[in-house]
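S.K.: My questions will all concern the structure given below.
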Amino acid sequence: HRNTLDQAGEWHYDATARRVYLVSSGAPSGVEGAVIPDWYDAERSHDSFSGGVMIGNDLAAHVHHVVVENLRISNWFSSGISYPINLESDENYDLVLRCNTILNPESTGIRLQTWVWNLGDDSNWYGGRNLTIEGNVIDGPNHFGLSANSRESVFINNVIRNVGLAQNLNRSGLGCDFEGANCTENGDGLRLVVSRGDLNSYNILLRHNRIERTAYCGFDVFGSNLQIEQNLVLEACITKGDC
C-alpha cells in the first residue's frame, strides 16, 4: 500500500490512476521504466518467443531487409530479441542484428526460430536466411545465449556470457521441466538447430565470437557447411556435469 512506503526504491502502483509512486530521498534522476504489454498472458510467462524486440508478425507476415542495432534490452521476462513462434508463408530474411546489448533476459538472448505454418509439406521450423548477427553483447540469459535455425548467415564478433548460471536462475530455471522435456542442450552459449537438413543451419560462418561462462557447451552446432574459426570459449559447462 502507498501508505507503507518508507524506504528509497520502494514503489506502489495505482491501477486506477495508472500511476507509479516511487520513494526517493531527493529529486530523482535517470529514472528507467519498463512495461508489460497488454497481450501478455501470465499462463504463458515462460514463452521464450515473447521478445523485447519481436521480428515478424505472429501467425502472419514475415519481415525482410530490416536492421536492428544499438539497442539496450534489460531484464526482459522472456527472450531479448526473438521471432514470433509462428509465421505464415515464409521465414524472415535479409536481416542485420548489430551492436545490441541484451542483459538478463529470463530465457534467451537472441532467438531466431519460428514455425512457418502455411507451407504445406514444407511447414516446419525456420530461422531466417541471409542474416548478419554482428557485434552484439548477450549477458545473463538463463536458457540459451543465442539459439537459431538460420541458414546462409554469419555470426561474427558477438560476446555471449553468463548463460544459465545457477545463482541467476529464475522461476523457469534452465527452461526445461522436471517431467517430459529434454534438457540436453539448455545452457548453451550459441546453438544452431536442425529440424530438417535442407531448411536449417547450413552455410553458416561463426567467427571471432567470445563465449564466457556457460551452463553447457560454448558452441552446440548441428547442420552442414559450417565454418567455425578464431572463436574463444572460456569456462563452458559450469552448471551441468555432462558437457
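The values are calculated or read from the model by the stated rules, or taken from the named source; none is laboratory data. Predicted, not measured: the structure shown is a model, and the values here were computed from it. These area figures cover heavy atoms from the full protein model, side chains too; ligands, DNA and RNA do not enter into them. Shrake-Rupley method; radii C 1.70, N 1.55, O 1.52, S 1.80 Å.
S.K.: Probe of 1.4 angstrom, ligands and nucleic acids ignored: what's the accessible area per residue over the range 113-210, in square angstrom? Walk me through the intermediate numbers first.
M.R.: Values: 4000 Å² over 98 residues.
On a per-residue basis, 41 Å².
S.K.: Right, next: For the chain, set up a GNM with springs between Cα atoms under 10 Å and report which of HIS62, HIS143, HIS12 has the largest fluctuation.
M.R.: Its mean-square fluctuation being the largest, the pick is HIS12.
S.K.: Treat the chain as a sphere of radius equal to its Kirkwood radius over Cα pairs and apply Stokes-Einstein at 37 °C in a medium of 0.692 mPa s; give the translational diffusion coefficient in µm²/s, rounded to a whole number. Could the numbers behind the result be given before it?
M.R.: Working: Rh = 18.9 Å.
The Stokes-Einstein estimate is 174 µm²/s.
S.K.: For the chain, which whole percent of the accessible surface, found with a 1.4 angstrom probe, sits on carbon and sulfur atoms?
M.R.: Working: 5940 of 12710 Å².
That share works out to 47 percent.
S.K.: Roughly how many Å² of ARG161 are accessible to a 1.4 Å probe, to the nearest 10?
M.R.: Rounded to the nearest 10, that gives 70 Å².
S.K.: SER224's amide H: which non-local residues (gap 5+, or another chain) put their own amide H closer than 5 Å, with H modeled 1.01 Å from N in plane and none for Pro or chain starts?
M.R.: The list, which skips near neighbours in sequence, is TYR202, ASN203.
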